[in-house]
Amino acid sequence: KQEVTQIPAALSVPEGENLVLNCSFTDSAIYNLQWFRQDPGKGLTSLLLIQSSQREQTSGRLNASLDKSSGRSTLYIAASQPGDSATYLCAASGGYQKVTFGTGTKLQVIP
Amino acid sequence: KAGVTQTPRYLIKTRGQQVTLSCSPISGHRSVSWYQQTPGQGLQFLFEYFSETQRNKGNFPGRFSGRQFSNSRSEMNVSTLELGDSALYLCASSQTKTGGGRTEAFFGQGTRLTVV
């Protein structure tokens, strides 16, 4: 059974700081890993998708890496802004298997 | 291109009633998945439908059921509602690659169900 863990559960940083969010998964047989952000009471917004054959993906100030052998993914946010404040979720997909979500990291960027 | 649409956005039901939620996926997406999100349990997978067939199922009681229509729209039904069913219900649509791989999942805004 896949288990996905995100550390830390909450993070508060001053504006402009670079930060790293961590995601660990127990079963390395995944098809892809996806990062999402969720604003309070809202749905999930897809940020980055990393296929199992890829090592990283970049979009603007965001960079996500994937190391299947160690069961880890990181989301790097450069030059954080107050608008980045949200809960960040990672999700491991096993293809035909169900997608397993982590518990999330609640990020607060202080102006 | 329209995103994933969930209706209704908010619902209030009483215990013992049943409820039906609807999800319209992105055009061309044939896979629809449903999730329940609560503060205590986080995001939990309910089931996935592909081409009108339930392909995967999470660990929820039989009161939770779903179906998918030929146009890929999906409905989720919860019967005999309990207080603990209060949650944000999210659906996601994606394309499915040959061999079972999965492309990026796109989520709707969710339906907030409150059971009183």
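Mind checking Rg over Rh on chain B, alpha carbons, Kirkwood formula for Rh?
Checking Rg against Rh, the ratio lands at 0.96.
Taking 10 °C and 1.306 mPa s as the conditions, I'd like the Stokes-Einstein D for chain A in µm²/s, using the Kirkwood hydrodynamic radius from alpha carbon pairs.
Diffusion coefficient, whole number: 114 µm²/s.
Provide, in order from the shortest bin, the percent of all Cα-Cα pairs of the protein assembly as shown in each 10 Å bin, continuing until the bin that contains the maximum pair distance.
Here the calculated profile for the protein assembly as shown is 8, 33, 36, 19, 4, 0.
Can you work out the accessible area per residue across the protein assembly as shown, with the rest of the protein chains kept in place, probe 1.4 Å, in square angstrom?
That works out to 47 Å² for each residue.
Summed for both chains, how many Å² of accessible area, to the nearest 100, are buried between A and B with a 1.4 Å probe?
Adding both sides of the contact gives about 1800 Å².
Using the Karplus equation 6.51 cos²θ - 1.76 cosθ + 1.60 (θ = phi - 60°), what ³J(HN,Hα) coupling, rounded to whole Hz, does each residue of the stretch B:26-34 give in order, writing x for Gly and Pro?
Once rounded to whole Hz, the list reads 5, 4, x, 7, 10, 9, 10, 10, 10.
Using θ = phi - 60° and the Karplus form 6.51 cos²θ - 1.76 cosθ + 1.60, what ³J(HN,Hα) does each residue of the stretch B:53-69 get, whole Hz, x for Gly and Pro?
10, 6, 9, 9, 9, x, 9, 10, x, x, 5, 9, 9, x, 7, 10, 9
Would you please give the FRET efficiency between B:R73 and B:V116, computed as 1/(1 + (r/R0)^6) with r the Cβ-Cβ distance and R0 = 22 Å, to the nearest 0.05?
0.20
Rounded to the nearest percent, how much of the accessible area of the protein assembly as shown (1.4 Å probe, protein heavy atoms only) is carbon and sulfur?
48 percent
The values are calculated or read from the model by the stated rules, or taken from the named source; none is laboratory data. This structure is a prediction, so every number in the text was calculated from the model and none was measured. Ideal geometry is used to build each Cβ from the backbone, glycine not excepted, and the neighbour counts take in all protein chains shown. These area figures cover heavy atoms from the full protein model, side chains too; ligands, DNA and RNA do not enter into them. Shrake-Rupley method; radii C 1.70, N 1.55, O 1.52, S 1.80 Å.
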